[in-house]
Amino acid sequence: MKTTQVVMPHAGGPEVLEFQQRDLPEPGPGQVRLKVEATGVAFAEVQMLRGRYYAQPKFPFVPGYDLVGEVEAAGPGVAVGGRVAAMTRTGAWAERLVVPAAHLVPVPDDLDAGEVVALITNGVTAYQMIHRVAKVAAGQTVLVHGAAGGVGTLLVRLALRAGARVIGTASPGKHDQVRELGAIPLDYRDPLLVERVRQHAPGGVAAVFDHAGGPGLKRSWAMLGRGGILIVYGSAATVDDKGWRLAPYASALGRLLWWSLLPNGRRGRLYGISHRGHFDEDLATVIDLLRKGEIQPRVAARLPLAKAPEALRMLDDRAVVGKIVLEP
Ligand SMILES: NC(=O)c1ccc[n+]([C@@H]2O[C@H](COP(=O)([O-])OP(=O)(O)OC[C@H]3O[C@@H](n4cnc5c(N)ncnc54)[C@H](OP(=O)(O)O)[C@@H]3O)[C@@H](O)[C@H]2O)c1
């Protein structure tokens, strides 16, 4: 069985991406072969192309963090079939691929593959941070940085669904969309950002969701009220830094630990999605919320696999609100 796949051959701009045809092996024990319906484009791939992702794979590799696809063939002893969602971290920008059968979650036939893809990594990330880490409650005010992004739009929707009031930071050109989502938009580049947050939440906010990291962490901490939590889940602001790629994460972790020790009633956490723990359950939950119409992911663009370089450029240029999806 042949497949076409996108390859990141080395660091560079989106123009370095290559397309490759190859023969797929038959699925072995514990594996399935999937025919991809839709696969997501994420900021992680922007970082990977620069060689700056925290869990950077070795070049060359096939990117693609998540997908919705059909099980075409199963290896010996595997009972999984039908339409499934998977978080692969790499490899999904392809027509077909062979993956482990573990952690595949069923997808009802009547759901749009692109909308489900927008909920795999991004939806579980947002759901776990809102409900398992911050435990956002009705009546609280929370702040979501990058509120127009793939994860950010879902954080806003889930926090509102939990009954919270949401302040969302974004570039000014995206404020109308942030307002439409139901959040109060602010510009994260505004030097008076902390003061503006305090105008909306004089006692400080209950939670800050920070995907940018870097020097801005200090501001995020300053926005918290007593009992508040700062959750750091990315380092977008350091994507063009040089040097050891884990340095921003080590520095963020060190600061969060130190700040949390101070007797100020605030805490900090680093969040990283993983197949461990509640992944399968939480993915099934967000897919069910979509089925019930209780959460609406925003698919910003649907492009064929051949347009992967364009998709990556759009994301890197911050030209989208929501999630870009490739449909092979
Ligand atoms: N920890 C985890 O498990 C996990 C899981 C998924 C994603 N993530 C992280 O979550 C973040 C968002 O991912 P995504 O796929 O949703 O990305 P996305 O759709 O590109 O959204 C990111 C948003 O961040 C803003 N942004 C871009 N570059 C920035 C920079 N240099 N400094 C500050 N803001 C910047 C952009 O907003 P404006 O256009 O408004 O500037 C953009 O809307 C990334 O940092 C990613 O690594 C982490």
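What follows draws every value from the coordinates through simple rules; no lab data is involved. All values reported here derive from a predicted model rather than from experimental measurement. Reconstructed Cβ throughout: ideal geometry from the backbone, glycine too, with neighbour counts over all protein chains shown.
List of remarks:
- Computed over the chain, the per-residue total of -39500 (n - 2.57) for DSSP H runs of n ≥ 4 gives a 222 nm mean residue ellipticity of -7500 deg cm²/dmol, rounded to 500.
- Overall form of region 242-308 per C-alpha gyration tensor (a/c, 1.5; a/b vs b/c): oblate
- Under 5 Å, built H, 5+ apart or other chain: amide partners of Glu37: Val68, Gly69, Glu70
- A DSSP coil position with no more than 15 other Cβ atoms inside 10 Å describes the following GluC sites (Glu not before Pro) in region 262-321: Glu294.
- Backbone HN-Hα couplings from phi across region 320-327 [Karplus 6.51/-1.76/1.60, Hz, Gly and Pro as x]: 10, 10, x, 10, 8, 10, 9, 10
- Annotation note: trypsin sites (Lys or Arg not before Pro) in region 66-140 located in DSSP loop regions with a Cβ neighbour count of at most 16 within 10 Å are Lys135.
- Between Ser260 and Phe19, the modelled labels are 4.7 nm apart [label points 7 Å from Cα along Cα→Cβ].
- Extension gain for the segment His200 to Lys58, taken as residue separation times 0.36 nm less the Cα-Cα distance, is 46.6 nm to one decimal.
- Between the amide H of Gly227 and those of Arg266, distances stay under 5 Å, these residues lying 5 or more places away or on another chain, with hydrogens modeled in the peptide plane.
- Cut-off 15 Å (backbone N to label point 7 Å along Cα→Cβ of Leu246), residues of region 32-55: 52-55
- Packing-based exposure ordering (other Cβ within 10 Å, fewest first) of Glu70, Glu115: Glu70, Glu115
- Normalised contact order of the chain, rounded percent, pairs of Cα under 8 Å and 6 or more residues apart: 19
- Given charges at beta-carbon only (K, R positive; D, E negative), |dipole| of the chain in Debye: 1340
- Counting only residues at least eight positions apart within a chain, or on another chain, the lysines with an alpha carbon under 30 Å from that of Lys218 are Lys135, Lys174, Lys242, Lys323.
- Integer Hz, Karplus 6.51/-1.76/1.60 couplings in order for region 207-215, x for Gly and Pro: 7, 10, 10, 10, 9, 9, x, x, x
- Residues Ala137 and Ser171, FRET efficiency given R0 of 30 Å [Cβ-Cβ distance, rounded to 0.05]: 0.50
- Distance from the C-alpha centroid of region 12-82 to that of region 256-284: 27 Å, rounded to the whole angstrom.
- Cα gyration tensor category, rounded, prolate or oblate, for region 122-270 with a/c compared to 1.5: rounded
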